[in-house]
Amino acid sequence: MDLSQSLVESTADEYRDEHPLYPVEQEGVETLPTAFRTGEFGWRDAKWVVRWHYRRFLGAIPNATRREREAQFDRNDFEDIRDALIDVATADDPVTHIDRLTALEGVDVPVASAFLLFVGPESCLVVGEREWTVLYDAGELADPYPDPLSPAAYDRYLETCRSLGERFDCDMWTLYRALWQLGASARDAP
C-alpha cells in the first residue's frame, strides 16, 4: 500500500463516520490539551485517557486484562498524575518527557503515547501494533512492531508520523484516524 494525502484524508473521514468513539475522542482532542497544560482537570479526565487507550479496540482486549491495567493506573496519587501531565503538556516537545509519564504506575510507552495524543494532537499521536503495522507495511518503518515498545522506538515512529504529517499537510489526530482505519481494513482483508 502506498500512503498518499488523498488516502489519509479519505480514511480519516471514514473513521469519523464509522468509529463509535469518535465524538468523545474529538471532544477530548479539543478540550484536554488546554486542561492538561493548565492543570484544570480531574481524576476522571486522566483516567479517561487510560480507558480510551484500551477500549478503542472495542472488546478485542480481554475485559480482565483491560480492567487489570486500568486498576494499575488507579493506584497512582492524583497529584503525581497532575504534576506529570502539566510537566509534559508545558514542555516544548512533550515527547522529551515520556519518561515522566512512564514513571506512573500502569503507564507503559503505548499508554504514555495516548496521553501525548491528548496533550498535543497537532504534533503527537498514540502508538500501537495496529498503527505501526500500517506504516511498516507501507515501507515507512523499517522494522515490525517491537514488543515491548521502547521510548526510542516511539521516537522513530513519531518522527515518521511527523514527516508524513508534513508530506500530507495534516495534523497527528488526522493521521492517527487514517492509520487506525487502514489497520482495520488490512485486518479485515482476506
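The values are calculated or read from the model by the stated rules, or taken from the named source; none is laboratory data. In this text, all values refer to a predicted model and were calculated from it rather than measured experimentally. Here Cβ is always computed from backbone atoms with ideal geometry, including for glycine, and neighbour counts include all displayed protein chains. In case anyone asks, the SASA skips ligands and DNA or RNA and just uses the protein heavy atoms, side chains included. Shrake-Rupley method; radii C 1.70, N 1.55, O 1.52, S 1.80 Å.
Of note:
- Taking the range 69-98 as the range and being among the β-branched types (Val, Ile, Thr) and open to solvent by 20 Å² or more (accessible area, probe 1.4 Å) as the test, the residues that pass are 86, 90, 96.
- Where residue 70 falls short, out of the listed (1) within 19 Å of residue 182 (Cβ to Cβ); (2) without any contact (Cβ under 8 Å) to a residue 60 or more places away in the chain; (3) in a helix (DSSP H, G or I): (1)
- Residue 46 falls short of the stated requirement of being in contact with a Phe, Trp or Tyr (Cβ under 6 Å, 6 or more places away or on another chain) and not basic (Lys, Arg).
- Restricting attention to the range 55-67 and to residues that are in contact (Cβ under 8 Å) with a residue 12 or more places away in the chain and either in contact with a Ser or Thr (Cβ under 8 Å, 6 or more places away or on another chain) or assigned to a loop (DSSP other than H, G, I, E, B) (or both), the residue that is surrounded by the fewest Cβ atoms within 10 Å (Cβ to Cβ) turns out to be 58.
- Residue, most open to solvent (accessible area, probe 1.4 Å), within the range 142-167, restricted to residues that are within 13 Å of residue 124 (Cβ to Cβ) and acidic (Asp, Glu): 159
- The residues of the range 18-52 that are farther than 20 Å from residue 87 by Cβ and either touching a strand residue (DSSP E or B) at 6+ places or on another chain (Cβ under 8 Å) or not charged (D, E, K, R) (or both), listed by number, are 19, 20, 21, 22, 23, 24, 26, 29, 52.
- In the set 178, 142, only one residue is in a loop (DSSP other than H, G, I, E, B) and either more than 26 Å from residue 37 (Cβ to Cβ) or out of contact with any Phe, Trp or Tyr (no Cβ under 6 Å at 6 or more places or on another chain) (or both); that residue is 142.
- Scanning the range 99-141 for residues that are touching a Cys at 6+ places or on another chain (Cβ under 8 Å) and of a type in the set (A, V, I, L, M), we see that the one that is surrounded by the fewest Cβ atoms within 10 Å (Cβ to Cβ) is 135.
- Residue check, residue 69 under 17 Å from the mean Cα position of the chain (by Cα) and closer than 21 Å to residue 130 by Cβ: yes
- If the condition is being in a helix (DSSP H, G or I) and without any contact (Cβ under 8 Å) to a residue 24 or more places away in the chain, then the range 145-164 contributes 152, 156, 159, 163.
- If you go through the range 81-111 and keep only what is assigned to a helix (DSSP H, G or I) and either in contact (Cβ under 8 Å) with a residue 40 or more places away in the chain or touching a Pro at 6+ places or on another chain (Cβ under 6 Å) (or both), you end up with 82, 85, 86, 88, 89, 95, 98, 99, 102, 109, 110, 111.
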